[in-house]
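Working notes, structure below.
The values are calculated or read from the model by the stated rules, or taken from the named source; none is laboratory data. From a predicted model like this one, the values you see are computed outputs, not experimental measurements. All Cβ positions, glycine included, derive from the backbone under ideal geometry; neighbour counts span all protein chains shown. Only protein heavy atoms, including side chains, enter the accessible area calculation; ligands, DNA and RNA are left aside. Shrake-Rupley method; radii C 1.70, N 1.55, O 1.52, S 1.80 Å.
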Amino acid sequence: MNRLHERAAKRRGRWKRVSLVVLIVGSVMALSACNSKPASVAEDKAGDAGKVRITTTIGMIADIAREIGGEHVEVTSLMKSGVDPHLYKASQGDISKLDKADIIFYNGLHLEGKMTEILQQMGGKKPTVAVSDPIDRKELRSGDDVGTQYDPHIWFNVKHWMTASEKVRDELIRFDSAHEQDYRSKSDAYLAKLKELDTYTRSEIASVSEGARVLVTAHDAFGYFGDAYGIKVMALQGMSTASEYGSKDVTDLRDFLVANKIKAVFIETSVPQKAIDAVIEGAKQKGHEVKIGGTLYSDAMGEEGTNEGTYIGMVRHNVDTIVKALK
């Protein structure tokens with residue numbers, strides 16, 4: 001009789017355990033059904049805030065993302081005002097920001113030379129997008145002087161930057177289709193502003209007499225600007241500040257200034273002034289006075305929160321500074 005009681009007790013125990021498992025599974029399924037709803041990829045990845053977390057390398061790209069993403073994005077730029085992207089090395093904090101991002105936008109064309117391997121690794125984990133990709137390669141300048149295929153300073157042709165902006169828009173829509181209409185309307189408004197900027201730049205540079213239209217800077221960041229807006233560009237260094245300049249470079253540029261009676265040269269916020277000072281002093285010794293026409297933004301924008309801390313404000317500042325000095 002005791003054995004019968006024991007077997008009955010075991011059966012009741014097994015039944016209780018099975019019932020408990022069924023109850024737990026049923027509860028999980030019910031909870032999942034209650035919480036299920038159509039969701040965009042952004043909601044899936046960005047958590048309760050619902051914002052798309054974007055990390056960019058340079059400030060100019062961060063500005064595009066903020067303009068087009070609006071309230072739907074949270075943007076972090078690795079490189080701040082005055083930082084030279086050619087020489088930039090990612091810190092451990094930067095790696096963390098890249099890891100936490102939903103989308104990474106970078107320039108490409110070897111602008112971020114020292115970060116290339118990191119960006120390639122990130123590309124295997126999440127959308128990692130070069131905004132230069134859709135630009136027709138036939139429209140890019142050669143980068144042979146620094147051992148790269150193309151000149152990476154595409155933002156100095158506003159039309160190229162419009163193409164880059166469209167790339168950011170398209171990637172945001174692909175990632176977060178729920179807000180497609182917002183991204184399109186903000187993109188349309190921003191592209192209209194860029195078109196106005198392109199027209200303004202063309203008109204202002206054309207107001208300088210053709211013989212005086214010569215832009216002399218420390219490094220060759222303004223090639224696209226010169227090609228697009230009809231101004232001759234001369235530089236002491238090549239496209240990358242990682243390249244060294246020598247005494248011959250100083251002598252050649254000095255002789256050009258003297259022979260062509262160029263009255264102004266320009267310094268850059270992200271490049272030490274001493275490079276261009278040697279040229280000015282050399283011209284002075286030859287009896288030709290050259291002044292510093294002003295400070296230009298080349299590889300980095302102005303301080304965040306200022307007009308020059310936006311792409312449009314940066315370009316307008318450069319144009320106004322150049323025109324005022326050369327007229």
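Hey, got a sec? Which trypsin sites (Lys or Arg not before Pro) in the stretch 90-134 land in a DSSP loop and have at most 12 other Cβ atoms within 10 Å?
Details: sites: Lys97, Lys100, Lys114, Lys125; in loops: Lys125.
Sites meeting the loop and neighbour criteria: Lys125.
Averaging the Cα positions of each part gives two centres, and for the stretch 262-295 and the stretch 103-157 these lie 31 Å apart. Using the Cα gyration tensor of the stretch 56-199, with a ≥ b ≥ c the square roots of its eigenvalues, what is the shape: rounded (a/c below 1.5), prolate (a/b larger than b/c) or oblate (neither)? Verdict is oblate for the stretch 56-199. Heavy-atom surface analysis with a 1.4 Å probe gives the stretch 247-289 a carbon and sulfur content of 49 percent of its accessible area.
Amide H contacts of Val73 (H built 1.01 Å from N, in plane; Pro and chain starts excluded): Val52 sit under 5 Å, all sequence-distant by 5 or more or on other chains. When the scattering of the stretch 175-277 is computed by the Debye formula from its Cα atoms alone, each counted once and equally, what is log10 I(q)/I(0) at q = 0.11, 0.19, 0.22 Å⁻¹? The Cα Debye sum returns log10 ratios of -0.49, -0.97, -1.16.
Apply the a/c threshold of 1.5 to the C-alpha gyration tensor of the stretch 266-327 and tell me whether it is rounded, prolate or oblate. Could you put the intermediate results ahead of the total?
Details: a/c = 4.38, a/b = 1.94, b/c = 2.26.
Because a/c hits 1.5 or more and a/b fails to exceed b/c, the stretch 266-327 counts as oblate.
In this view, the solvent-accessible surface of Val158, computed with a 1.4 Å probe and all protein chains in place, comes to about 0 Å². The distance linking the stretch 176-232 with the stretch 312-327 is 12 Å (Cα centroid to Cα centroid, whole angstrom). Remark on Asp299: its backbone amide H falls under 5 Å from those of Ser270, a criterion applied only to residues 5 or more positions apart or on other chains, H modelled at 1.01 Å from N.
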